[in-house]
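The values are calculated or read from the model by the stated rules, or taken from the named source; none is laboratory data. Treat the numbers as computed from the prediction; the structure is a model and nothing was measured. Here the Cβ positions follow ideal geometry from the backbone for every residue, glycine too, while neighbour counts run over all protein chains shown.
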Amino acid sequence: MTTNEYLARLKSCLECIDASEREAAVQFYTEYFEDAGEENAEKVMAELGSPEKLARDIIKQSAGSAPTSPAAETAACGEAFTGIHAETINAKLILLRGNEYRVDLDFPEGLKKPAVSIRDGVLRIEEKPTPKHFTSIFDGSFWSGAFGGRNAWRQSVIAITVPDVQFEDFWLETVNGTIDITKSASGDAAALPALRLSSLKCEAVNGTINVESIAAGKIHLENVNGSTNATNCTATAGCHCETVNGSVKLTGGVRGNVHLESVNGSVAFNTTEKLEQFNCEFDTMSGSVYINGEKQSRKHTTVISNAAESKLKAETMNGSIRANFAM
């Protein structure tokens, strides 16, 4: 059996689990085969067992992948903070609205957890890179090694719960993970109060950014490979949403300088503000521009208003732009 055949069978056997977990597991074992080299492929297969056996182990582990699983560790609870600065490598960042200050870490067994502290009123979370020690596969220590063992494929999760108070600056950054600020700690979608803060900055390299019900001075969302979605958000001093490979969507009442940009993806802007409140510039290479549902004749379109107090620039190379304003 070739490496590609092994991985294809593994993926087929994992159809019953969540798509994101399935992709994470397949990607993890793909990289392990690559690290070992094709000349060691048979040794890797012998160590892992058949694709079906490995899939059964993964399916069992996936059942405990929620942030509230028994493996989750509470790293901070009760101590108040006014801001957040979180830098992670491979962890998913979730910000929950609740009635307490709390940080829960759900990491695969064997993986080193990030450092968590509160200094000068700021919650600080730092995840350091964990080296791969592929040779441990062959010396018998792989499954308890530094890289996390059999369940290291499962993405780590950092869940931060905050109460409904006014905050200062939140800066969330991840490399290979998503950022999610769309849920309440209770799980009640209807109980999602606005997250009030001076500024919100989210950055990701390989992962989507989803935020909802944000009330801030400034909002800055930026990633490379993944979509950026801001729903029901207000910003009084500007908003910047940018990605390279993915779509950009922003809804809510935003003012100041608003910049929405994608390279390979569509751009959508739906605001409670009126068109005359903005000086607008729309620019696309291979798509179309729509303003309040009406297709514009030019790919580069400007709208100037003498009453404008804000500026909107929306641009993409490969995709369409749709902007809807209050009538």
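Which is under 23 Å from V165 (Cβ atoms) and without any contact (Cβ under 8 Å) to a residue 24 or more places away in the chain, of L221, L250?
Values: L250 fails: under 23 Å from V165 (Cβ atoms).
One residue alone meets the criteria, L221.
Taking segment 1-23, which residues are of a type in the set (K, R) and farther than 12 Å from L54 by Cα?
Our first condition is that a residue be of a type in the set (K, R); within segment 1-23, this holds for 9, 11, 22.
Matches in segment 1-23: R22 only.
Do you know which residues across segment 10-27 are crowded, with 18+ Cβ neighbours inside 10 Å and not aliphatic (A, V, I, L, M)?
Answer for segment 10-27, where residues must be crowded, with 18+ Cβ neighbours inside 10 Å and not aliphatic (A, V, I, L, M): C13, E21, R22.
Just name the residue that is nearest to A36 (Cα to Cα) out of those in segment 123-138 that are at pLDDT 75 or above and buried (at least 17 other Cβ atoms within 10 Å of the Cβ). Write out each step before concluding.
In the first step, residues of segment 123-138 are kept if they are at pLDDT 75 or above; the result is 123-127.
Filter once more, keeping what is buried (at least 17 other Cβ atoms within 10 Å of the Cβ): 123-125, 127.
Values: L123: 39, R124: 36, I125: 32, E127: 26 Å.
Per the criteria, the residue is E127.
Against the condition assigned to a helix (DSSP H, G or I), modelled with pLDDT under 85 and among the hydroxyl-bearing types (S, T, Y), how does S20 come out, does it pass?
On the way: assigned to a helix (DSSP H, G or I): yes; modelled with pLDDT under 85: yes; among the hydroxyl-bearing types (S, T, Y): yes.
The answer is yes for S20.
For segment 79-122, give me every one of the strands (runs of 3 or more DSSP E) that falls completely inside it and has 3 or more residues that are within 20 Å of the chain's Cα centre (by Cα) and buried (at least 19 other Cβ atoms within 10 Å of the Cβ).
83-88, 91-97, 102-106
Within segment 115-129, which residues are without any contact (Cβ under 8 Å) to a residue 40 or more places away in the chain and either of a type in the set (A, V, I, L, M, F, W, C) or not assigned by TED's automatic domain parsing to the domain that holds L172 (or both)?
Result: A115, single match.
Here is a list: A216, A194. Which entry is in contact with a Ser or Thr (Cβ under 8 Å, 6 or more places away or on another chain) and either among the aromatic types (F, W, Y) or surrounded by 19 or more Cβ atoms within 10 Å (Cβ to Cβ) (or both)? It would help to see each step written out before you state the result.
Numbers: A194 fails: either among the aromatic types (F, W, Y) or surrounded by 19 or more Cβ atoms within 10 Å (Cβ to Cβ) (or both).
None of the other options fit; the residue is A216.
Give me the pairs: first residue in segment 1-15 and under 16 Å from D57 (Cα atoms), second residue among the basic types (K, R) and assigned to a helix (DSSP H, G or I), beta-carbon distance under 6 Å, and six or more apart or on different chains, which are they?
So the pair list comes out as L14/R22.
Tally up the residues in segment 1-36 that are over 23 Å from G177 (Cα atoms) and within 31 Å of the chain's Cα centre (by Cα), please.
Going through segment 1-36 one residue at a time, the tally reaches 9.
Do we have E31 as charged (D, E, K, R), in contact with a helix residue (DSSP H, G or I) (Cβ under 9 Å, 6 or more places away or on another chain) and not assigned by TED's automatic domain parsing to the domain that holds Q155 here? Walk me through how you get there before you give the answer.
Numbers: charged (D, E, K, R): yes; in contact with a helix residue (DSSP H, G or I) (Cβ under 9 Å, 6 or more places away or on another chain): no; not assigned by TED's automatic domain parsing to the domain that holds Q155: yes.
No, not satisfied.
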